[in-house]
Amino acid sequence: MRKGAVIVLLFCFLCGVNSSWAGEGVSNEELLKEIQALKEAAAKQEKRIAELEQRLAQQESAPKGAQLKDMTIEDFDKHIDSHLLHRIPGYQLFDGLRMGLGATFISQATYNANADALSREGEDAADASYSVDLEFEKEFAGSGRAFLHLETGDGAGVEDELKLFANVNRDADDSDNGISVTEIWYEYYMDNMPLSWTFGKIDPTIYVDNNEYANDETTQFLGRIFRNSPTVEFPDNSPGIRLGLEPTEFMGAELVLMDADSDWEDMFDGVFLAGQVNLKPALFGKGGNYRLLGWLNDRNHIKWHDATKDKEEGYGFGVSVDQQFSDNLGAFARYGWQDPQQRLSGLDDDFSLEHSWSAGLQFSGDLWGRDEDVLAVAVGEAIPSDDYKDSGSLNAKDERHLEAYYSFKANEHLTLSPDVQIIWNPYGDDAVNGKDTIVVGGIRGQVDF
């Protein structure tokens, strides 16, 4: 709608208002106020139309890579596919360089712990952990961007007090305060195609099996079963290459190739290969992600029923879905399967899972007048393979998880999150110490500088 049309509509409306109000004795002052309000509304509408037309023209004329390349720092922080793990609020140091700094403090207490090293069955424990994340990101006009993620921390929390298929504190960084380079990579955007390349030390969970509501242990669920599927044999962050394709705003794809044992030696003697397709329909008038993924890990695997076959491969597939239903409600679900016949060699935990699933809901605090707060709850199961069950005298029951947290935004820089987790059949009821339900309660403090 152009300006002339707006003026004509405004004139016709005012004529109707004037004729209808004339008989009601409406004062000239009231009419002038109404006219001014309508003019302001029309001006805002005209400005918004111009902005949308300009954005549409830019999107139609520029390839995807160029759109990402030309983003401002503010736009980039809001970009849903930014792949940044912690989503720390950014500060622009100077043109194109963004910095984010955050610290996470977690205190947990567990009832009926079951680790083998405990002195007695059903021991209780209370421990803490912390981590610090420092991120630098530099946009390079006309080429791409670089990203550096430094991390340190200390404390295993209560994880070393528990023997589980999927433990309870994904953020625990028991590095004895040593500083490590968690990620460092460069991403290049193709000029005339919706392709981007990323190479360096990368985190595969940022690109594969990701999720909008369950993918960040510093702000969302702490339990490992909700952070990623435990049936995917992700390597630790290691050298790799990632290819991203986004032909339309409703579809994207990722391909990741990495060193499977993360030792930076003989990279192609053991590789981790994963691919994911993401469909992003606009359902219920809101955004969603429907991901289908497959993976292969060709590190040496051992067959459960034939130890002479110790050079097998592991593989599997999965689904990760998130959907926003309204401004105040979102949901997620994950499912994963892996080949049940073998296990990775050289692992401390001598078990294998065949299936895992999880699902949950997230509610916005706007429902109760706290628009920056979040309430979330999730349930899930880690299901051991029949080959693992048959390998010894095992119960090997399905390990069941429930987690709920409330994220309370205390101020601009501090978020407090009480968290409770309940685990039924911990370690399939096969831990040496204790076979009862485990309850873990705690609180997380997230500080964004």
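Here is how the numbers come out for the structure above:
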quantity: Subset of region 384-415 [surrounded by 21 or more Cβ atoms within 10 Å (Cβ to Cβ) and in a strand (DSSP E or B)]; calculated: 384, 399, 401, 403, 405, 407, 415
quantity: Unmet criterion (only one of (1) at pLDDT below 95; (2) surrounded by 19 or more Cβ atoms within 10 Å (Cβ to Cβ); (3) under 20 Å from residue 199 (Cα atoms)) for residue 266; calculated: (2)
quantity: The listed residue being closer than 30 Å to residue 287 by Cβ, over 22 Å from the mean Cα position of the chain (by Cα) and not hydrophobic (A, V, I, L, M, F, W, C), out of 411, 425, 395; calculated: 411
quantity: Pair list, Cβ < 9 Å and 6+ apart or interchain, from region 144-168 residues that are within 23 Å of residue 356 (Cβ to Cβ) to residues that are in a helix (DSSP H, G or I) and of a type in the set (Ser, Thr, Tyr); calculated: 162/427; 163/427; 164/427; 165/427
quantity: Test: residue in region 365-377 that is more than 30 Å from residue 413 (Cα to Cα), surrounded by 15 or more Cβ atoms within 10 Å (Cβ to Cβ) and in contact with a Ser or Thr (Cβ under 6 Å, 6 or more places away or on another chain); calculated: no
quantity: Among residues of region 134-155, those that are assigned to a loop (DSSP other than H, G, I, E, B) and surrounded by 17 or more Cβ atoms within 10 Å (Cβ to Cβ), counted; calculated: 1
quantity: Positions within region 88-123 being buried (at least 17 other Cβ atoms within 10 Å of the Cβ), modelled with pLDDT under 85 and not in a strand (DSSP E or B), in sequence order; calculated: 88, 90, 115, 118
quantity: Selection within region 295-312 - without any contact (Cβ under 8 Å) to a residue 24 or more places away in the chain and either surrounded by 14 or more Cβ atoms within 10 Å (Cβ to Cβ) or among the polar types (S, T, N, Q) (or both); calculated: 308
quantity: Residues of region 312-363 that turn out to be of a type in the set (Ser, Thr, Tyr), closer than 16 Å to residue 300 by Cβ and in a strand (DSSP E or B), as a count; calculated: 1
quantity: Any hit, region 401-410, residues being out of contact with any His (no Cβ under 9 Å at 6 or more places or on another chain) and free of Cβ contacts under 8 Å to residues at least 12 places away in the same chain; calculated: yes
quantity: Matching residues in region 183-195 - criterion: being surrounded by fewer than 22 Cβ atoms within 10 Å (Cβ to Cβ) and touching a residue at least 60 places away in the same chain (Cβ under 8 Å); calculated: 183, 190, 191, 192, 193, 194, 195
quantity: Check on residue 349, within 23 Å of residue 290 (Cβ to Cβ) and modelled with pLDDT under 95; calculated: no
quantity: Meets criteria (modelled with pLDDT of 95 or more, within 28 Å of residue 209 (Cα to Cα) and over 18 Å from the mean Cα position of the chain (by Cα)) for residue 363; calculated: no
quantity: Positions within region 232-245 being open to solvent by 30 Å² or more (accessible area, probe 1.4 Å) and farther than 21 Å from residue 337 by Cα, in sequence order; calculated: 237, 241, 243, 245
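The values are calculated or read from the model by the stated rules, or taken from the named source; none is laboratory data. Being a predicted model, the structure only gives us computed values, none of them experimental. Ideal geometry is used to build each Cβ from the backbone, glycine not excepted, and the neighbour counts take in all protein chains shown. Only protein heavy atoms, including side chains, enter the accessible area calculation; ligands, DNA and RNA are left aside. Shrake-Rupley method; radii C 1.70, N 1.55, O 1.52, S 1.80 Å.
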